[in-house]
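Chemist: Sharing a structure below in structure tokens format, with a few things to ask.
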Amino acid sequence: MIPNNPNQRERSQASVSNEDIAEGTTTIGITAGDSVVLATEQRASMGNLVASKTAKKVYQVTDDAALTISGGVGDGQSLAKTLKVEANLYEMRRGKPMTMTGLASMAGNIMRSYFFFVVPLLGGVDEEGPHIFSLDPAGGVMEEEYASTGSGSVIAYGVLEDGYHDELTLDEAKSLAVRALESAMERDTASGNGIILAEITPEEGFRQLDDEEVEAISDEL
């Protein structure tokens, strides 16, 4: 049994493959113009058991950045809290927020040091524009225009590949994210029970859409 506290783990466990990490979920990140869209479904599973139908998988890290989690729930929550604290300390000491590239590098370093059993997407905006970073449990960081993680990601990627283009608007990105998630939820048994949708814009920062807004987008598809 692997302890839930990452500080109790031996660094040698970095050799564990992604296949050994539970990724029963679907998360999506999309860049659109000067903004970012993050989306997940809400099912948490333990084998064949639906452990929760209202799992939170999007966590705000700063005013302009958020994290989606796929994998261990406890590890995902711990990573989000740690990253939020470190980002706040950086801003207090430097008098300015960390860039998204710096935040992604910090997240990779944290994961590399403690080996969290989670596969996150980090999305946000800064002076350079919108960013989506895909991270792996060994601390690897890759920037993408759009990305998906979890067991439903193979299905979601098919929709994203077909619908993404360089001139995508924020509203189009939100519709694309919902469409990709709904496709994954139709075929992946570990994904389901509703959608969490968030946008990050230069004007308003992070905002999670309410259920009525998500339903309105879904109804228009």
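None of the figures in this text is laboratory data; all of them are computed from the coordinates on show. Quantities reported herein were computed from a predicted structural model and do not represent experimental measurements. For neighbour counting, all protein chains shown are included, and Cβ atoms are generated from backbone atoms with ideal geometry for every residue, glycine included.
Chemist: For segment 148-174, what are the residues that are within 17 Å of the chain's Cα centre (by Cα) and touching a residue at least 40 places away in the same chain (Cβ under 8 Å)?
Modeler: Correct list: Ser148, Thr149, Gly150, Ser151, Gly152, Ser153, Ile155, Ala156, Leu160, Ala173, Lys174.
Chemist: Also, quick follow-up: Do you know which residues across segment 202-216 are closer than 17 Å to Glu41 by Cα, hydrophobic (A, V, I, L, M, F, W, C) and under 20 Å from the mean Cα position of the chain (by Cα)?
Modeler: Leu209, Val214
Chemist: OK, next. Is at least one residue of segment 98-119 within 17 Å of Ala39 (Cβ to Cβ) and touching a residue at least 12 places away in the same chain (Cβ under 8 Å)?
Modeler: Scanning segment 98-119 turns up at least one residue that is within 17 Å of Ala39 (Cβ to Cβ) and touching a residue at least 12 places away in the same chain (Cβ under 8 Å).
Chemist: Continuing with the same structure: Looking only at residues that are under 20 Å from Gln208 (Cβ atoms) and under 14 Å from the mean Cα position of the chain (by Cα) in segment 119-130, which one is surrounded by the most Cβ atoms within 10 Å (Cβ to Cβ)?
Modeler: Gly123
Chemist: I would also like to ask the following. Could you name every one of the strands (runs of 3 or more DSSP E) located completely within segment 128-221 that has at least 2 residues being under 19 Å from Thr25 (Cα atoms)?
Modeler: 129-135, 146-149, 195-201
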